[in-house]
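To keep things clear, I will list the structure first and then write my remarks on it.
The values are calculated or read from the model by the stated rules, or taken from the named source; none is laboratory data. Given the structure is predicted, the values throughout are model-derived calculations rather than measurements. Here the Cβ positions follow ideal geometry from the backbone for every residue, glycine too, while neighbour counts run over all protein chains shown.
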């Protein structure tokens, strides 16, 4: 069953090896965990619903608790402490576009705010209700979860917007196709949520981000139904799809998503390469992408992340042998790990692997085969469970992500890491910080930074520490040529920083678009834009 106060299946746990515990003790210090409240305690806090009677709206306390928060660290602290703040007044579970239309009419007639809910994986406050006099209805799209149609000739598949990643892939694979969209939240997040937040999958080098995969669909709005046809390309004015991509529920509720699918590849494998330094590793990755080497995924860990991953991997004997081998080959202190995937026909994969190895050899790259790559692939969707393991030991972990041009990568990365590392100095608290480049473009790449710190003596102080880290670093990102979000969206957490990126006129245009479709401001208030 889904955890009510954390990530994923409550029957699955990712244990931290003893070597990992010792590593964190050295880098951050020993920690004491905070106590968790129970689901029963939280349910007892849920107030009476303010919603006008409607048989489609479920007012049960547990339903409302399970839909009140996402998966940001602030959400985690709220769920663990029981200090939720605001609960939705009810939850609806539509099964069709007609059901959604009825909910929109109900909301308009009764001045009810609507929050769309996909997999609940938001780390930016997309699904959190805001405090106010207006009742809030969360609309869980999870029952709209099937493949509706597959046009094999055009390779267009139509899904209910609430279809989670595993169901998207299993329904397509049964027919010989794949969407190829694999965000780390794949197991829980939904295809409608991917569109609404402009998601990026781990294999976007081959398949593209969601904006390349999104071909059209159906959106139910307060002004009527918006049907977007699947036209391969058009010069007929602005693309309506772009109004929906990244709209985060402010325009309407996505009910059907049409996506461009691909026949299943004949072959796929994942590999690991080590480099003696960050500069050589980063340059090799840039060359690979700018040369358009046919890789399906690419990930580059900086030296600290490489060291951390090897420390948390367990199997100290095997890791020791690897470290010795790499040291003999010239990659010792400061080494960086690159993970990459090749996907396609056997010939395509063989050629891509050969080209990658030859190019990386020029920069001191040391190829270590498929074993570590296979381990990455096996655990690619389970790493969020590590937060649970760290929490039980008294550590909080969170991430920040952005994207910037190649000429600014090192400068911005260093500013982000330095700020996170030093923000809690006055409290004499250490913060362990590391980064990888997760998505690559000829122009630049994304930066994905993880930071770990000890929880404080109270939830309030722990939240204050996170707010200091998150807010100060977000300001550095947007004021130094970075986007406030490459793949997590804006939500409510990032909304204050969006005007720096978009500018005054840009924000006016976005606000005007929301106003056109939702003049009463009922759709996911204060998300994306704060008004």
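Within 28 Å of residue 493 (Cα to Cα), surrounded by fewer than 24 Cβ atoms within 10 Å (Cβ to Cβ) and in the same structural domain as residue 246 (by TED's automatic domain parsing): does that describe residue 175?
For residue 175, the condition - within 28 Å of residue 493 (Cα to Cα), surrounded by fewer than 24 Cβ atoms within 10 Å (Cβ to Cβ) and in the same structural domain as residue 246 (by TED's automatic domain parsing) - is not met.
When you go through 330, 365 one by one, which is the residue that is modelled with pLDDT of 95 or more and within 17 Å of residue 279 (Cα to Cα)?
Of 330, 365, the one residue that is modelled with pLDDT of 95 or more and within 17 Å of residue 279 (Cα to Cα) is 365.
Please specify each residue of region 151-169 satisfying the condition of being crowded, with 18+ Cβ neighbours inside 10 Å and either at positive phi or in a loop (DSSP other than H, G, I, E, B) (or both).
161, 162, 163
Determine whether residue 50 is farther than 22 Å from residue 461 by Cβ, surrounded by 22 or more Cβ atoms within 10 Å (Cβ to Cβ) and in contact with a strand residue (DSSP E or B) (Cβ under 9 Å, 6 or more places away or on another chain).
Here the answer is no, as residue 50 does not meet what is asked.
Those residues that are part of a loop (DSSP other than H, G, I, E, B) and under 20 Å from the mean Cα position of the chain (by Cα), I need them from region 375-398; list them, please.
Looking only at region 375-398, we keep the residues that are part of a loop (DSSP other than H, G, I, E, B), and these are 379-382, 393-394.
Selection gives 379, 380, 381, 382.
Pick from region 391-405 the residues that are crowded, with 22+ Cβ neighbours inside 10 Å and out of contact with any helix residue (DSSP H, G or I) (no Cβ under 7 Å at 6 or more places or on another chain): which of them is nearest to residue 432 (Cα to Cα)?
Only one residue tops the list, namely 401.
Of the conditions (1) over 30 Å from residue 264 (Cα atoms); (2) part of a helix (DSSP H, G or I), residue 172 fails just one. Which one is it?
Status for residue 172: all satisfied but (1).
State the number of residues belonging to region 31-47 that are in contact (Cβ under 8 Å) with a residue 24 or more places away in the chain and part of a loop (DSSP other than H, G, I, E, B).
Counting residues in region 31-47 that are in contact (Cβ under 8 Å) with a residue 24 or more places away in the chain and part of a loop (DSSP other than H, G, I, E, B) gives 9.
For region 117-150, enumerate the residues that are without any contact (Cβ under 8 Å) to a residue 40 or more places away in the chain and not in a loop (DSSP other than H, G, I, E, B).
Those that are without any contact (Cβ under 8 Å) to a residue 40 or more places away in the chain and not in a loop (DSSP other than H, G, I, E, B): 147, 149.
Within region 272-321, track down each residue that is buried (at least 20 other Cβ atoms within 10 Å of the Cβ), out of contact with any helix residue (DSSP H, G or I) (no Cβ under 7 Å at 6 or more places or on another chain) and part of a loop (DSSP other than H, G, I, E, B).
Passing the criteria: only 276.
Which of the numbered conditions does residue 83 fail, given that it passes all the others? Conditions: (1) surrounded by fewer than 22 Cβ atoms within 10 Å (Cβ to Cβ); (2) part of a loop (DSSP other than H, G, I, E, B); (3) free of Cβ contacts under 8 Å to residues at least 60 places away in the same chain.
The single condition residue 83 does not satisfy is (3).
Say we look at region 486-517 and pick out the residues that are in contact with a strand residue (DSSP E or B) (Cβ under 9 Å, 6 or more places away or on another chain) and more than 25 Å from residue 84 (Cα to Cα); which of these is surrounded by the most Cβ atoms within 10 Å (Cβ to Cβ)?
487
Output the number of residues of region 322-346 satisfying the condition of being loosely packed, with under 13 Cβ neighbours inside 10 Å, outside any loop (DSSP other than H, G, I, E, B) and in contact with a strand residue (DSSP E or B) (Cβ under 9 Å, 6 or more places away or on another chain).
1
Which condition does residue 319 not pass, out of (1) more than 30 Å from residue 522 (Cβ to Cβ); (2) in contact with a strand residue (DSSP E or B) (Cβ under 9 Å, 6 or more places away or on another chain), if it passes all the others?
Tallying (1) more than 30 Å from residue 522 (Cβ to Cβ); (2) in contact with a strand residue (DSSP E or B) (Cβ under 9 Å, 6 or more places away or on another chain), residue 319 fails exactly one: (2).
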